[in-house]
Ligand code: AMP
């Protein structure tokens, strides 16, 4: 069984995000970029499946400009067998990515597509669900435990009420949550080895998908700066200040 893993290049989670002064997006010049943390967890799970003999090949896919090859190489260094970059045309949004992943899934025929529950840059939490709908296959989102059971996968999901366990027929789309596993560190020899692993580049135009102009991001703005707080002397002053602000 092949496992397809979606990898998105995002601003590293440790970086303090700055919106560009012209509102055209967030600053990425000189900023550390990484694999979306949830995608690392998805890849780790795929690698463990292969190591346990449940998967034959792990393929990482990224939709993005050539700079995302860096993150694909990280995926290969972690242990993926090969990588696919799809060079998009125009803005990349969850629906576009889902349609691209569908085209790749139809070509590769994976038993499982593993994605992050969300990308930490857009926080959309949409791609996996859209892919499952387009592919007409089952989905299990927010996975914190994943077991393969023959032609099905048993997935424990983190939901508001606690944990829910469902069984989905394969092929399926599973999106992963934080507690599923702890991704491995990449070792230097693996980085060297990754340079020789196959990385295929596909042009968006070659996938015969019509571009989707239905949504456009018009502007980015930072949150309004927070007013400075004040130190109160005692409870009476605290109550007075809250009353002043109409909060009590
Ligand atoms: P989102 O719906 O944008 O929050 O993304 C959910 C998941 O879809 C991510 O964690 C990735 O696994 C996958 N994904 C989103 N965008 C891309 C992309 N440009 N390339 C590859 N995978 C992506």
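Considering only residues of segment 1-19 that are assigned to a loop (DSSP other than H, G, I, E, B) and surrounded by 17 or more Cβ atoms within 10 Å (Cβ to Cβ), which is nearest to the ligand (Cβ to nearest atom)?
It comes out as 8.
Out of (1) touching a residue at least 12 places away in the same chain (Cβ under 8 Å); (2) more than 13 Å from the chain's Cα centre (by Cα); (3) in a loop (DSSP other than H, G, I, E, B), what's the single condition that is false for residue 22?
Among (1) touching a residue at least 12 places away in the same chain (Cβ under 8 Å); (2) more than 13 Å from the chain's Cα centre (by Cα); (3) in a loop (DSSP other than H, G, I, E, B), the lone unmet condition for residue 22 is (1).
Can you tell me which residues in segment 20-40 are surrounded by fewer than 22 Cβ atoms within 10 Å (Cβ to Cβ) and either within 16 Å of the ligand (Cβ to nearest atom) or under 17 Å from residue 71 (Cβ atoms) (or both)?
Answer for segment 20-40, where residues must be surrounded by fewer than 22 Cβ atoms within 10 Å (Cβ to Cβ) and either within 16 Å of the ligand (Cβ to nearest atom) or under 17 Å from residue 71 (Cβ atoms) (or both): 25, 26, 28, 31, 32, 33, 34, 37.
Only one of (1) touching a residue at least 40 places away in the same chain (Cβ under 8 Å); (2) surrounded by 17 or more Cβ atoms within 10 Å (Cβ to Cβ); (3) over 23 Å from residue 199 (Cβ atoms) fails for residue 130. Which number is that?
The failed condition is (1).
Search segment 107-122 for residues being farther than 21 Å from residue 207 by Cα and near the ligand (Cβ under 6 Å from one of its atoms), and hand back the single one that is modelled with the lowest pLDDT.
By that ranking, first place goes to 122.
Give just the number: which of (1) at pLDDT 95 or above; (2) within 25 Å of residue 69 (Cβ to Cβ); (3) not in a loop (DSSP other than H, G, I, E, B) does residue 129 not satisfy?
Unmet for residue 129, out of (1) at pLDDT 95 or above; (2) within 25 Å of residue 69 (Cβ to Cβ); (3) not in a loop (DSSP other than H, G, I, E, B): (2).
Can you list residue pairs whose Cβ atoms sit under 7 Å apart, with the first residue in segment 75-98 being on the phi > 0 side of the Ramachandran plot and the second being at pLDDT below 95? Count only pairs 6 or more apart in sequence or on different chains.
Within 7 Å, the pairs are 90/211.
Is it true that residue 76 is modelled with pLDDT of 95 or more, within 13 Å of the ligand (Cβ to nearest atom), part of a helix (DSSP H, G or I) and touching a helix residue (DSSP H, G or I) at 6+ places or on another chain (Cβ under 7 Å)? Don't jump to the end; show me each part of the working.
Details: modelled with pLDDT of 95 or more: yes; within 13 Å of the ligand (Cβ to nearest atom): no; part of a helix (DSSP H, G or I): yes; touching a helix residue (DSSP H, G or I) at 6+ places or on another chain (Cβ under 7 Å): yes.
No, not satisfied.
For a quick check of your reading of the model, give me the residue pairs whose first member lies in segment 195-209 and is more than 22 Å from residue 80 (Cα to Cα), whose second is assigned to a loop (DSSP other than H, G, I, E, B), with beta-carbon atoms closer than 8 Å and at least 6 apart or on different chains.
Once the first residue is more than 22 Å from residue 80 (Cα to Cα) and sits in segment 195-209, its partners that are assigned to a loop (DSSP other than H, G, I, E, B) give 204/88; 204/89; 204/211; 205/89.
For segment 223-248, which positions are assigned to a loop (DSSP other than H, G, I, E, B), modelled with pLDDT of 90 or more and surrounded by 10 or more Cβ atoms within 10 Å (Cβ to Cβ)?
Within segment 223-248, 232 is the sole residue that qualifies.
Identify, by number, the condition in (1) buried (at least 18 other Cβ atoms within 10 Å of the Cβ); (2) within 16 Å of residue 194 (Cβ to Cβ); (3) more than 12 Å from the ligand (Cβ to nearest atom) that residue 57 doesn't meet.
It is condition (1) that residue 57 fails.
Filter segment 164-179 for residues that are closer than 18 Å to residue 41 by Cβ and buried (at least 17 other Cβ atoms within 10 Å of the Cβ); which is nearest to the ligand (Cβ to nearest atom)? Walk me through it before giving the result.
Of the residues in segment 164-179, the ones closer than 18 Å to residue 41 by Cβ are 172-179.
Among the residues that remain, those that are also buried (at least 17 other Cβ atoms within 10 Å of the Cβ) are: 172-177.
Values: 172: 15, 173: 10, 174: 11, 175: 7, 176: 8, 177: 11 Å.
Of everything passing the filter in segment 164-179, 175 is nearest to the ligand (Cβ to nearest atom).
Among the candidates 43, 47, single out the residue that is closer than 20 Å to residue 172 by Cα, within 14 Å of the ligand (Cβ to nearest atom) and not in a strand (DSSP E or B). Show your work before the answer.
Values: 47 fails: within 14 Å of the ligand (Cβ to nearest atom).
The match here is 43.
State the number of residues belonging to segment 143-163 that are in a strand (DSSP E or B), loosely packed, with under 14 Cβ neighbours inside 10 Å and within 22 Å of the chain's Cα centre (by Cα).
Residues meeting the conditions: 3.
Kindly check whether there is at least one residue in segment 199-215 that is assigned to a strand (DSSP E or B), in contact with a strand residue (DSSP E or B) (Cβ under 6 Å, 6 or more places away or on another chain) and crowded, with 16+ Cβ neighbours inside 10 Å. Working first, answer last.
We begin by selecting, within segment 199-215, every residue assigned to a strand (DSSP E or B); these are 199-203.
Those left that are additionally in contact with a strand residue (DSSP E or B) (Cβ under 6 Å, 6 or more places away or on another chain): 199-203.
Now drop any that are not crowded, with 16+ Cβ neighbours inside 10 Å, which leaves 199, 202.
Among the residues of segment 199-215, at least one is assigned to a strand (DSSP E or B), in contact with a strand residue (DSSP E or B) (Cβ under 6 Å, 6 or more places away or on another chain) and crowded, with 16+ Cβ neighbours inside 10 Å, which makes the answer yes.
The values are calculated or read from the model by the stated rules, or taken from the named source; none is laboratory data. Everything numeric here is computed off the predicted structure, so don't read it as measured data. So basically every Cβ, Gly included, is an ideal-geometry build from the backbone, and we count neighbours across all protein chains shown.
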